[in-house]
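The structure appears right after this line, and notes come after that.
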Amino acid sequence: MTAQKLTTPEAYYQLLATPSIQGSKGETDRERSRIQEWEALTLLLTTGETYFFRDRGQLNLIQEAILPEIIARKHQAQAISQTKPSLRIWSAGCSTGEEPYSLATIVKELIPNYLNWNLLILGTDINTESIAKAKMGSYSEWSFRMVSPTIKQQYFSYQDKSWQLDDRIRRMVKFQPGNLLTDDYPSLNSDIYNMDIIICRNVFIYFNAENVETILAKFYQALSLVDN
């Protein structure tokens, strides 16, 4: 940062986040170096600390009030339209996947026939290493410090010194890398549109007030305005 004569971390962020103009081989090499440095900075700053059923109070509200109300409205809409109901949930800034997987277990309990739904539980994170780990569904004991033994035994099995998530739950969640500030959404290409629930926790600490406002506006545009 000093070598670039930048005075603030945000100026450094903007430098790395702005693509350079492609031209000579030297410019291409600098672009490759910029991308590598950007990825290294991302991994350094976003070592997300999370665990299953974190913030149980919020999850209880989702399980006992918010989701049942949404599901009831979906059933009413289905009776009129005679089409498969849909449910779309986005965990924005999902780290290594504990949050969207926790949501998946809740959905499975509330909708036993979820296979008959158009269901999307999406987890996104800027940290590509976290996304890769989330897709594996394999966790250490530390990820279960707020999980009851019953849930742990129901949805996980101990394999090769780690706890492996039941494939039924793992297949309920889709993971992909994403940048909440610079990505273009709502978007059909990224599956980020018509969301019934968007959960975003412990992410805005990385942004200034202006960027938070930008992201919240994009969240609003990505929410579903009708039941289907």
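Where a number appears in this text, it was derived from the coordinates with a stated rule and is not lab data. This structure is a prediction, so every number in the text was calculated from the model and none was measured. A quick note on method: Cβ atoms are made from the backbone with ideal geometry, for glycine too, and the neighbour counts reach across all protein chains shown.
Candidates in the stretch 181-228 are the residues that are within 15 Å of the chain's Cα centre (by Cα), crowded, with 16+ Cβ neighbours inside 10 Å and of a type in the set (Asp, Glu); of these, the one that is nearest to residue 67 (Cα to Cα) is 196.
Of all residues in the stretch 209-228, exactly one satisfies the criterion of being closer than 22 Å to residue 95 by Cβ and touching a helix residue (DSSP H, G or I) at 6+ places or on another chain (Cβ under 7 Å), namely 212. When 111, 126 are screened for being free of Cβ contacts under 8 Å to residues at least 60 places away in the same chain, β-branched (Val, Ile, Thr) and more than 15 Å from residue 164 (Cα to Cα), only 111 passes.
When 119, 165 are checked against the criterion of being touching a residue at least 12 places away in the same chain (Cβ under 8 Å) and either more than 17 Å from residue 52 (Cα to Cα) or within 13 Å of the chain's Cα centre (by Cα) (or both), a single residue qualifies: 119. Consider the stretch 132-154 and keep the residues that are of a type in the set (Ser, Thr, Tyr) and out of contact with any helix residue (DSSP H, G or I) (no Cβ under 9 Å at 6 or more places or on another chain). The one that is surrounded by the most Cβ atoms within 10 Å (Cβ to Cβ) is 138. Of note, residue 157 does not satisfy the criterion of being small (Gly, Ala, Ser), surrounded by fewer than 17 Cβ atoms within 10 Å (Cβ to Cβ) and either touching a His at 6+ places or on another chain (Cβ under 7 Å) or closer than 27 Å to residue 70 by Cβ (or both).
Within the stretch 78-88, is there a residue that is touching a helix residue (DSSP H, G or I) at 6+ places or on another chain (Cβ under 6 Å) and within 18 Å of residue 168 (Cα to Cα)? Taking every residue of the stretch 78-88 in turn, none turns out to be touching a helix residue (DSSP H, G or I) at 6+ places or on another chain (Cβ under 6 Å) and within 18 Å of residue 168 (Cα to Cα).
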